[in-house]
């Protein structure tokens, strides 16, 4: 039987020929490289329209390539040059880490974190992504499956009329997640979900993307914007900040959806800028009114800068007393309310997830993969495999190795441990 070209085509991978072989671009923001010699062993090959074609026996080609592909996905890189890990069902749980997955802080809000990495380099970043050596991206199907499970538990405990908010945020920029429309659609279709919000710096938004996300079910854009001065905004963002684009896209969002401006007050850097953002928020409110958009949440969510040991700290953290004084002056001047409470966003207490272990417990853990920080590993307990355990400084580096660890944190089902 004559050999024929076997087309290797994948929904989430696009192949491109390079000088040394083939690059597979995975979920638009990640990649792996295959050398020519690795493909030559399978047969004559070429790339066409994002697919890889190899001449030979179909069963044999697909078997060999799938084996090769699994190895390459384990060597994934993000486009920012960091190593990356693709999280799929069977690799590790989605609860237990702040990096990715599902976070439940005992309210009706379920945080959804599909990806790490950012297109800005903010001077006040609470996690300082410059120090983090690895990125993560989660399978959309796995993320939705786990979200639906947690939402079902939570829904049983909510009172009549109370709904779940799915809040998409990230240690970085969630718009980098190529499966975002599918994620939003799945969240929208989950029983009990009444609000779907997203935190974004809006740089990657276009009118077409806004329409796509709103059509999928997104109900509110929370825009991180620290200044309406291009110079100051660029200084804070650590990149050339496209202020004109951001303002235009915010105005467009106001014709389609709810929008909240969420600046961080950096005392001594953007004090006067916060007032300009307040005025811009009032303008957006008028645009919404003209277009019949009902805003169920506040238009402005000014945040106090908080310092973190693991973050960037360009200014001194201000006391809550001084922060509220700062807000009160703006409230009086513009006759608006800026000192907000959970109730303003429809947030209610709702404990749902039990903790399989507690702080100070000693458990046997199996290493799954490296974490974001140097020497950090993610692990799972051999007694309860439903939670991730983050080990910041593991002496053991071998994947699948079992070690004894002592839990140092258990708040909100986020677990940290040290080697026992």
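The values are calculated or read from the model by the stated rules, or taken from the named source; none is laboratory data. Worth saying up front: this structure is predicted, and the values here are computed from it rather than measured. Cβ coordinates were reconstructed from backbone atoms using ideal geometry, including for glycine residues, and neighbour counts include every protein chain displayed.
Numbers below:
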| read-out | value |
| --- | --- |
| Residues (assigned to a loop (DSSP other than H, G, I, E, B) and either on the phi < 0 side of the Ramachandran plot or buried (at least 22 other Cβ atoms within 10 Å of the Cβ) (or both)) located in region 165-201 | 169, 170, 173, 177, 178, 179, 189, 190, 191, 201 |
| From 144, 155, residue being touching a helix residue (DSSP H, G or I) at 6+ places or on another chain (Cβ under 8 Å), part of a helix (DSSP H, G or I) and over 23 Å from residue 409 (Cβ atoms) | 144 |
| Residue satisfying all of: in region 339-352; out of contact with any strand residue (DSSP E or B) (no Cβ under 9 Å at 6 or more places or on another chain) and in a helix (DSSP H, G or I); nearest to residue 279 (Cα to Cα) among these | 344 |
| Which numbered condition residue 370 misses (of (1) free of Cβ contacts under 8 Å to residues at least 60 places away in the same chain; (2) under 29 Å from the mean Cα position of the chain (by Cα); (3) surrounded by 14 or more Cβ atoms within 10 Å (Cβ to Cβ)) | (1) |
| Strands (runs of 3 or more DSSP E) contained in region 26-121 and holding at least 1 residues within 30 Å of residue 165 (Cβ to Cβ) and in the same structural domain as residue 238 (by TED's automatic domain parsing) | 83-87, 101-104, 109-113 |
| Search result, residues across region 58-106 that are surrounded by fewer than 20 Cβ atoms within 10 Å (Cβ to Cβ) and within 24 Å of residue 187 (Cβ to Cβ) | 86, 88, 89, 90, 91, 98, 105, 106 |
| Boolean, residue 394 is more than 27 Å from residue 110 (Cβ to Cβ) and surrounded by 19 or more Cβ atoms within 10 Å (Cβ to Cβ) | yes |
| Condition met for residue 247 (assigned by TED's automatic domain parsing to the domain that holds residue 111, over 17 Å from the mean Cα position of the chain (by Cα) and modelled with pLDDT under 95) | no |
| Pick from region 373-391, criterion touching a strand residue (DSSP E or B) at 6+ places or on another chain (Cβ under 7 Å) and farther than 27 Å from residue 351 by Cα, ranking: surrounded by the fewest Cβ atoms within 10 Å (Cβ to Cβ) | 376 |
| Of the criteria (1) over 25 Å from residue 256 (Cα atoms); (2) surrounded by fewer than 20 Cβ atoms within 10 Å (Cβ to Cβ); (3) at pLDDT 95 or above, which one residue 157 fails | (3) |
| Meets criteria (assigned to a loop (DSSP other than H, G, I, E, B), at pLDDT 95 or above and closer than 19 Å to residue 221 by Cβ) for residue 336 | no |
| Subset of region 250-269 that is under 23 Å from the mean Cα position of the chain (by Cα) and part of a helix (DSSP H, G or I) - its residue that is farthest from residue 289 (Cα to Cα) | 250 |
| Filter result for residue 293 (within 25 Å of residue 164 (Cα to Cα), in contact (Cβ under 8 Å) with a residue 12 or more places away in the chain, surrounded by 12 or more Cβ atoms within 10 Å (Cβ to Cβ) and under 26 Å from the mean Cα position of the chain (by Cα)) | no |
| Condition broken by residue 312, with the remaining ones in (1) surrounded by 18 or more Cβ atoms within 10 Å (Cβ to Cβ); (2) in a helix (DSSP H, G or I) satisfied | (2) |
| Flag if residue 288 is within 27 Å of the chain's Cα centre (by Cα), under 22 Å from residue 346 (Cβ atoms) and either modelled with pLDDT of 95 or more or in a loop (DSSP other than H, G, I, E, B) (or both) | no |
